[in-house]
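Encoded as structure tokens, the structure appears first; notes follow it.
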Amino acid sequence: MTTAPAADQRRLLDVQALDTQLAKLSHQRRSHPTLSTLTELEGRAEDLGRAKTATDTLVSDVRRELRKAESDVEQVENRAARDRQRLESGAGSPKDLQALSSELESLARRQSALEEVELEVMERLEAAEKDAAAIDEQLAAIRAEVGQVEAERDAAFARIDEDLADVTRRRQVAAEGIDETLMALYDRVRSQTGGLGVVALQGESTVGVHLTLSLTEKAAIAAAAPDEVLRSEDYGYILVRLP
């Protein structure tokens with residue numbers, strides 16, 4: 001049988017109230033709405049980051065393709081310019097001049113086809129760059145929103161941490177001097193039940209937390225000495241009798 005001064009047992013109720021308050025504050029910190037908002041924003045930013053990587057790669061590839069198209073057009077233009085210069089100089093046999101004239105016609109058709117390819121690549125590049133700019137804009141907006149939510153979270157955490165520190169100090173004062181064996185039992189019960197270690201008892205009825213007491217328990221309560229530490233049969237809670 002565990003015993004402890006009745007006054008110490010009643011002081012456990014104050015300790016329990018403060019521990020419950022600490023648990024609520026800790027839960028508020030863990031489940032603050034800003035945390036889920038930040039998780040959602042981070043997920044969106046990651047998705048956009050992947051899209052940006054893909055779009056940047058596409059822009060790079062299309063730019064390389066455009067340089068190739070521009071180079072192809074330039075080569076044909078240079079070839080045509082040389083042929084035109086030779087044709088205009090009149091140097092060479094009629095057959096050679098006829099061949100140059102035919103080649104210029106062929107080069108003109110080739111240049112026209114290459115310029116169409118170049119134009120198509122330029123249009124694709126413009127579209128890809130527009131997509132990349134849109135993603136950058138969205139990322140900037142998300143970063144700004146993240147900054148705002150983080151500031152809101154930090155302000156909320158500062159208030160909660162201040163309350164936690166205050167309640168922790170009050171809890172230390174409330175627990176100071178309580179019978180060590182009783183405190184050890186209280187802490188053990190709390191760890192086993194998930195936070196609740198002591199329940200107030202007014203006559204044969206519990207206060208705050210509804211417990212159904214058996215006839216055996218009620219008889220034991222009525223017969224117990226003031227310093228006897230009572231426990232509930234079902235959950236092991238410490239039952240503290242109020243005067």
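None of the figures in this text is laboratory data; all of them are computed from the coordinates on show. Everything quoted here is computed from the prediction, not taken from an experiment. When we count neighbours, we look across all protein chains shown, and the Cβ atoms used for this are built from the backbone with ideal geometry, even at glycine.
At a glance:
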quantity	calculated
Relative exposure of Val189, Val15, Val146, judged by other C-beta atoms within 10 Å (fewest first)	Val146, Val189, Val15
Beta bridges per DSSP with both ends in the chain, % antiparallel, nearest 5	60 percent
Helix-only mean residue ellipticity at 222 nm for the chain, each DSSP H run of n ≥ 4 adding -39500 (n - 2.57), per residue, nearest 500	-28500 deg cm²/dmol
HN-Hα J in Hz across region 120-127 - Karplus 6.51, -1.76, 1.60, θ = phi - 60°, x for Gly and Pro	5, 5, 4, 5, 5, 5, 4, 5
Proportion of all alpha-carbon pairs of the chain beyond 29 Å (%)	64 percent
Using alpha carbons only: equivalent-ellipsoid semi-axes of region 128-243, gyration tensor based, whole Å	53, 18, 11
Region 141-202: GluC sites (Glu not before Pro) in DSSP coil with no more than 14 other Cβ atoms inside 10 Å	Glu176
Taking the convex hull of Cα positions in region 192-243, its mean projected area over all directions (nm²)	3.5 nm²
Low-density loop positions, trypsin sites (Lys or Arg not before Pro), region 163-238 - DSSP coil, at most 13 other Cβ in 10 Å	none
Net charge, Ala222 excluded, C-beta distance under 11 Å - Lys, Arg +1, Asp, Glu -1	0
Cleavage-rule hits (GluC sites (Glu not before Pro)) in region 198-243: DSSP loop, at most 15 neighbouring Cβ within 10 angstrom	Glu204, Glu233
Eligible lysines near Lys52 by straight Cα distance, threshold 30 Å, same-chain separation 8 or greater	Lys68, Lys130
For region 130-136, Karplus couplings with θ = phi - 60° (6.51, -1.76, 1.60), whole Hz, Gly/Pro x	5, 5, 5, 5, 5, 5, 4
Neighbour-count order for Met183, Met1, Met122, fewest beta carbons within 10 angstrom listed first	Met1, Met122, Met183
Karplus-derived HN-Hα couplings along region 98-109 (A = 6.51, B = -1.76, C = 1.60, θ = phi - 60°), whole Hz, x at Gly and Pro	5, 5, 5, 5, 5, 5, 5, 5, 5, 5, 5, 5
